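J.: Structure below; questions to follow.
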There are 4 protein chains.
Amino acid sequence: MIRIAVLGAGRIGRIHAANAAANPRCRLVAVADVLAEAAARLAKSTGCEAASDPAATLARTDVDAVVIGTPTDTHVALLLEAARRGKSVLCEKPVDLDIRKVEEAASEAARLGAKVMVAFNRRFDPGMAAVHRAIGEGAIGTVRQVVISSRDPAPPPLSYIPSSGGIFRDMTIHDFDMARWLLGEEPREISATASTLVDPAIGTAGDFDTLMVTMRTASGRQCHINNCRQAAYGYDQRIEVFGSGGMLLNDNLRPSTLRRYDAHATEIREPLLNFFLERYAEAYRLELDAFLAAIEGGTEMPLTIEDGRRALMLADAALESARSGRVVTV
Amino acid sequence: MIRIAVLGAGRIGRIHAANAAANPRCRLVAVADVLAEAAARLAKSTGCEAASDPAATLARTDVDAVVIGTPTDTHVALLLEAARRGKSVLCEKPVDLDIRKVEEAASEAARLGAKVMVAFNRRFDPGMAAVHRAIGEGAIGTVRQVVISSRDPAPPPLSYIPSSGGIFRDMTIHDFDMARWLLGEEPREISATASTLVDPAIGTAGDFDTLMVTMRTASGRQCHINNCRQAAYGYDQRIEVFGSGGMLLNDNLRPSTLRRYDAHATEIREPLLNFFLERYAEAYRLELDAFLAAIEGGTEMPLTIEDGRRALMLADAALESARSGRVVTV
Amino acid sequence: MIRIAVLGAGRIGRIHAANAAANPRCRLVAVADVLAEAAARLAKSTGCEAASDPAATLARTDVDAVVIGTPTDTHVALLLEAARRGKSVLCEKPVDLDIRKVEEAASEAARLGAKVMVAFNRRFDPGMAAVHRAIGEGAIGTVRQVVISSRDPAPPPLSYIPSSGGIFRDMTIHDFDMARWLLGEEPREISATASTLVDPAIGTAGDFDTLMVTMRTASGRQCHINNCRQAAYGYDQRIEVFGSGGMLLNDNLRPSTLRRYDAHATEIREPLLNFFLERYAEAYRLELDAFLAAIEGGTEMPLTIEDGRRALMLADAALESARSGRVVTV
Amino acid sequence: MIRIAVLGAGRIGRIHAANAAANPRCRLVAVADVLAEAAARLAKSTGCEAASDPAATLARTDVDAVVIGTPTDTHVALLLEAARRGKSVLCEKPVDLDIRKVEEAASEAARLGAKVMVAFNRRFDPGMAAVHRAIGEGAIGTVRQVVISSRDPAPPPLSYIPSSGGIFRDMTIHDFDMARWLLGEEPREISATASTLVDPAIGTAGDFDTLMVTMRTASGRQCHINNCRQAAYGYDQRIEVFGSGGMLLNDNLRPSTLRRYDAHATEIREPLLNFFLERYAEAYRLELDAFLAAIEGGTEMPLTIEDGRRALMLADAALESARSGRVVTV
């Protein structure tokens, strides 16, 4: 049984720790966070040890694999330390906000023969996976266009903006990964337009809150992404893939299938699931399971640092396009 | 070109006259109503002659076919007079509220070799017709169960109740026809329960406003019907047919496909189309066209007095069951 | 923390044991089954002790509560033994197939002041619960009609039929509980028709496979239930509640929201979730949690033997009606 | 009653003539086409006079208004001739493929005080109109993003490509009009990418068949359009408008609401309505009616040459962007 530790006891660390505690493929050994109290609370609720030094936890010989859910600027150091000690790594996105550091991490990890998976959770969502599988089975022939709608229920705290890397690296990065995965080809040209329609303070902080991206692959396949930091109706996560033989749509999730009819309207449905923790709860479970299965089976990781690097490269290019008003070739 | 007259310039006569005026298979010659003013208004808007004596209109030699949309208690006399004069007849439902009179009309019409179609408009609704066609094409194998939901937006005026024949003969009669058509076998046993939940005055007038019917055919196929005289969300007309190989559902119609998302709910759709004139507008057009096509082609009428008689027989049996609390064999 | 044991290591026992092992409100102490091997397997996968004598497990002092998932004919004896020993009980449905034994169990349990919950899992399904909650909040005014569709993907093995108590007691019993819960009044009149349309061997075994039930409460509210032992398209579980102010619909669940468009059709969706273990997985989790919460809080059980008794009484009455062709008053 | 003539007896002329014949606000006087036979056929089926000289028809004193449905390169001359003669004009889109000619037509028509309406039929579609009305009523607050999907069931004959003006002027032009109408602000920046993924011969003919457009208004509102000349599942016409308070979606239309469930899939719906003549049949009726109502009421035309000019300007800019790979400011 794989012995696992979770680094980081924040929102994302708690998800991974709870999933690790419930997954029969692994045993959760420890959770570590520089905030000792957070680590202790999480360790208690998941029945494992608490530690306040993530790096020290990597030194434990009774740990085979780690999940890195610490702040972004600590990812690369922890990832490489884990790799040097021969641990398998599931690293939260983004690997880093600086693409050169991601490239260095990738080449060092490769040199070490490390097993590193980057955590683009959406690939493991049952609906997104069903779309991808259907494409692979030829359900819609050759892909022509991908349309991704991705809107958050509410913007993050303003204090988070400066360290976020900006909306393209923080939010759209998930959609860039989806785009690459569903297009079946790498985007070559990218163009973006971005506005501040939700909160002017976001603009003052140097970021955008509402954007559209267009990408095009070498063979001429096209992808549209729209993002907004705030949707009144909740966390909006829809995908459309149009091909020579048909179309696939993946819709949002709701708490139940309840529909209400009254004198004013019909088919009234409940609000969408609140945010990523609820919407992608199953995806997080399946993501960890895929990571563990790859370790068990000695197979390739389903997602690598290279996937992280490519998504970040698209984010950088989109930001450049939004600022310059030019189409950028990647 | 078939020369046609419409008898009755009320709500239903106006529908038929407008459809006749627009149908390229026929020429609308006259509309007749004992209320001369109503006839005149309708004649003007449809560009034909007005008459105040329906019976006299039947005597015209320049009329090949008639639509009977007069009050129910005049149907049989007009129908037989038309038949004697060799006119084809499209007669509104019910043929009569008294099944003996319907039987006499049927046998007299048969003796005369008359071409009489009874106007169960729902069979011509594109959705209902698509269900029936799919059954015929084997899309769901052998039919096992039919579930019919049929609710009006609002009850008729209380003054109409005494002459209506009661909810089973006035409202459910459409559903009995649908049931026979979709079951593919005649119901043999029928059981009904009926309440007054909308307006006690309906009960005082000797009628019900909310009911459920169960029927069973010789081979054991089953049908459920539910009716209510008032649905807050509008005219509810749904059908479900369940068979050995699958299921067919036919849903309500709305003015458009608009869906709205807001902070309180998602997929909010517009109210249903108001009532039968709007909901079945296309069915009325296609019904008249089928009548005219049968005349043109010299083929059997798609619906006969026998269909009217059988639906009425089921209505009578259901009423007997609701009153006696017993299952009735027909 | 509540210490719990699961009696029965069959299909339903495995669900409860897995949920108990994962629920933070309780600790799973043991699973017991007369088939020692089944108990051992389940104990291993859930990390608890195995036992081959359910009754002996009831004698353990380190067990506060038990889930009874053994064969139906053992329920009452185990339930009462547990009650005598002061354990809280979650008993699978039906309590017994013989209503007199259920009545005796109810009165003995009452005498003992026992805490017994009967496991009608559907009440805990998020969709069904959302319907019930919306009714309680007045979303549709006063309830007038309830329509329940409930069809299994495939009939049970023929060998199960004789011990099942028949389709009304085995399958419809869930719908009787739903009906009572959603109508908000007790049914007073019941009428049923039942056929053998799936497999004649089911008829030979003395049972039916396709049925319709109508019920009516004292105030005239109405309920329709349809059942079939086999639906080609899978496990069909839909509910409609119609009231003076609107309507609520609860639809089936699918693995994802994927919709496919191709040259032949549009909106093609995946098959329904396979059967009750998948469809009601969340309901089983929430059911156990509600049981544990009632123990923790010292509150009334959300479902009692009386609920089991009333559902069985309706099943008996429906069977009598189907056999006699009469409406039965309960 | 307005006396109307239809110029052009092709596909679009036939639609307008049939609608004029059925519209109670007008009397169809004549249809004119240089193909005398086509005019004769259409005149016969709509009960009016036939003419082979559209210009001569404009000289008739018993004609108050004309619909111009002739080939695009004749629009401007006929439009201005009609204007000089004081006729009201409903002119099919595009007014011309050359924006300078459109500008000249606009200023000449203005000088003449002519009543000219440009036929962007989609604005009159009940679903599109419901979206626009809901925005106006504040249902979704301030518009932030518009997403338009518009795909044809099959490409036009190759022979049509050279005279079509290219996909942006021929097909996307409808979406540019929708975008302007729904954004509530004029687009200022436009970027487009276009490929040939359907048929290489379209590329050889100098055109594209698959494209994406992004536009941005002065206040930062954004619009995405995707087009393809061929969708295996039919004529795809969807619109999404996202605002500060919610979202509006308008979906495709189907022949009926039939849904089918079988062993392989559920919710299988019929293919979409075939193409624009079927999909927008109601829009064409309402468009003509709006034109006639504006004449009757002496009010402003709901759509003017200026709308035609602005849509064409966006088409030209999009083409320039697709060719140059640059964002174009308009």
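The values are calculated or read from the model by the stated rules, or taken from the named source; none is laboratory data. Computed from a predicted model, the values in this text were never measured in an experiment. For neighbour counting, all protein chains shown are included, and Cβ atoms are generated from backbone atoms with ideal geometry for every residue, glycine included.
J.: Which ones in the range C:261-270 are surrounded by fewer than 16 Cβ atoms within 10 Å (Cβ to Cβ) and either within 7 Å of chain A (Cβ to nearest Cβ) or hydrophobic (A, V, I, L, M, F, W, C) (or both)? So that I can check it myself, show each step before the final result.
T.: Going through the range C:261-270, the residues surrounded by fewer than 16 Cβ atoms within 10 Å (Cβ to Cβ) turn out to be C:263-264.
Answer for the range C:261-270, where residues must be surrounded by fewer than 16 Cβ atoms within 10 Å (Cβ to Cβ) and either within 7 Å of chain A (Cβ to nearest Cβ) or hydrophobic (A, V, I, L, M, F, W, C) (or both): just C:ALA263.
J.: Of the residues that sit in the range A:235-253 and are under 13 Å from C:SER256 (Cα atoms) and in contact with a Leu (Cβ under 6 Å, 6 or more places away or on another chain), which one is surrounded by the fewest Cβ atoms within 10 Å (Cβ to Cβ)?
T.: Across the range A:235-253, the extreme among qualifying residues is A:LEU253.
J.: Okay, moving on. Check off (1) under 24 Å from D:ASN252 (Cα atoms); (2) without any contact (Cβ under 8 Å) to a residue 12 or more places away in the chain; (3) surrounded by fewer than 21 Cβ atoms within 10 Å (Cβ to Cβ) for D:LEU286 and give me the number that stays unchecked.
T.: (2)
J.: Which residue is nearest to A:ILE148 (Cα to Cα), if the candidates are limited to the range D:102-141 and must be outside any helix (DSSP H, G or I) and more than 14 Å from chain B (Cβ to nearest Cβ)? It would help to see each step written out before you state the result.
T.: Filtering the range D:102-141 for residues outside any helix (DSSP H, G or I) gives D:113-120, D:125, D:137-141.
Within this subset, residues satisfying the condition of being more than 14 Å from chain B (Cβ to nearest Cβ) are D:113-120.
On the way: D:GLY113: 47, D:ALA114: 45, D:LYS115: 43, D:VAL116: 40, D:MET117: 36, D:VAL118: 34, D:ALA119: 32, D:PHE120: 28 Å.
Ranking the qualifying residues of the range D:102-141, first place goes to D:PHE120.
J.: Sort out which residues of the range D:60-85 are touching a residue at least 40 places away in the same chain (Cβ under 8 Å) and in a loop (DSSP other than H, G, I, E, B), and write them in order of number.
T.: Residues satisfying the conditions are D:ARG60, D:ASP62, D:VAL63, D:ASP64, D:GLY69, D:THR70, D:PRO71.
J.: While we're on this one: Could we say that B:ILE135 is surrounded by fewer than 24 Cβ atoms within 10 Å (Cβ to Cβ), at pLDDT 95 or above and touching a strand residue (DSSP E or B) at 6+ places or on another chain (Cβ under 7 Å) here? Break it down into steps so the answer makes sense when it comes.
T.: On the way: surrounded by fewer than 24 Cβ atoms within 10 Å (Cβ to Cβ): yes; at pLDDT 95 or above: yes; touching a strand residue (DSSP E or B) at 6+ places or on another chain (Cβ under 7 Å): yes.
So B:ILE135 fits the description; yes.
J.: Now for a different question. Which one is surrounded by the fewest Cβ atoms within 10 Å (Cβ to Cβ), of the residues in the range D:36-54 that are touching a Leu at 6+ places or on another chain (Cβ under 7 Å) and not β-branched (Val, Ile, Thr)? Reasoning before the result, please.
T.: Within the range D:36-54, the subset touching a Leu at 6+ places or on another chain (Cβ under 7 Å) is D:46, D:48, D:54.
Those left that are additionally not β-branched (Val, Ile, Thr): D:48, D:54.
Values: D:CYS48: 21, D:PRO54: 27.
Filtering first and then ranking leaves D:CYS48.
J.: Within the range A:283-313, track down each residue that is more than 19 Å from A:ILE4 (Cα to Cα) and touching a Leu at 6+ places or on another chain (Cβ under 9 Å).
T.: Matches in the range A:283-313: A:ILE305, A:LEU312.
J.: Shifting gears a bit: Would you check which residues across the range C:143-158 are part of a strand (DSSP E or B) and within 17 Å of the chain's Cα centre (by Cα) and list them?
T.: Of the residues in the range C:143-158, the ones part of a strand (DSSP E or B) are C:143-151.
Within the range C:143-158, C:ILE148, C:SER149, C:SER150, C:ARG151 meet the criteria.
J.: Give the residue, chosen from D:LEU258, D:LEU273, D:LEU312, D:LEU253, that is away from chain B (no Cβ under 13 Å), of a type in the set (A, V, I, L, M, F, W, C), over 22 Å from A:ASN252 (Cβ atoms) and in contact with a helix residue (DSSP H, G or I) (Cβ under 9 Å, 6 or more places away or on another chain).
T.: Values: D:LEU258 fails: away from chain B (no Cβ under 13 Å); D:LEU273 fails: away from chain B (no Cβ under 13 Å); D:LEU253 fails: away from chain B (no Cβ under 13 Å).
Exactly one residue qualifies, and that residue is D:LEU312.
J.: Given the range D:250-330, what helices (runs of 4 or more DSSP H) lie entirely inside it while holding 2 or more residues that are more than 17 Å from the chain's Cα centre (by Cα)? Full working, then the answer.
T.: Numbers: elements: D:276-279, D:281-297, D:305-324.
Result: D:281-297, D:305-324.
J.: Against the condition out of contact with any helix residue (DSSP H, G or I) (no Cβ under 8 Å at 6 or more places or on another chain), within 14 Å of another protein chain (Cβ to nearest Cβ) and either part of a loop (DSSP other than H, G, I, E, B) or closer than 30 Å to D:TYR233 by Cα (or both), how does A:ALA179 come out, does it pass?
T.: Against the criterion (out of contact with any helix residue (DSSP H, G or I) (no Cβ under 8 Å at 6 or more places or on another chain), within 14 Å of another protein chain (Cβ to nearest Cβ) and either part of a loop (DSSP other than H, G, I, E, B) or closer than 30 Å to D:TYR233 by Cα (or both)), A:ALA179 does not qualify.
J.: Being outside any strand (DSSP E or B), at pLDDT 95 or above and surrounded by fewer than 24 Cβ atoms within 10 Å (Cβ to Cβ) is the filter here; which residues of the range D:88-101 pass it?
T.: D:LEU97, D:ASP98, D:ILE99, D:ARG100, D:LYS101
J.: State all residues of the range A:130-182 that are of a type in the set (Gly, Ala, Ser) and free of Cβ contacts under 8 Å to residues at least 60 places away in the same chain; if no residue qualifies, say none. Please lay out each step first, then the result.
T.: Keep residues of the range A:130-182 that are of a type in the set (Gly, Ala, Ser), which gives A:130, A:134, A:136, A:138-139, A:141, A:149-150, A:154, A:159, A:163-166, A:179.
Selection gives A:GLY136, A:SER159, A:SER164.
J.: Oh, and also: Which residues, taken from the range A:186-234, are within 15 Å of D:MET247 (Cβ to Cβ), touching a residue at least 60 places away in the same chain (Cβ under 8 Å) and surrounded by fewer than 22 Cβ atoms within 10 Å (Cβ to Cβ)?
T.: Residue satisfying the conditions is A:GLN230 alone.
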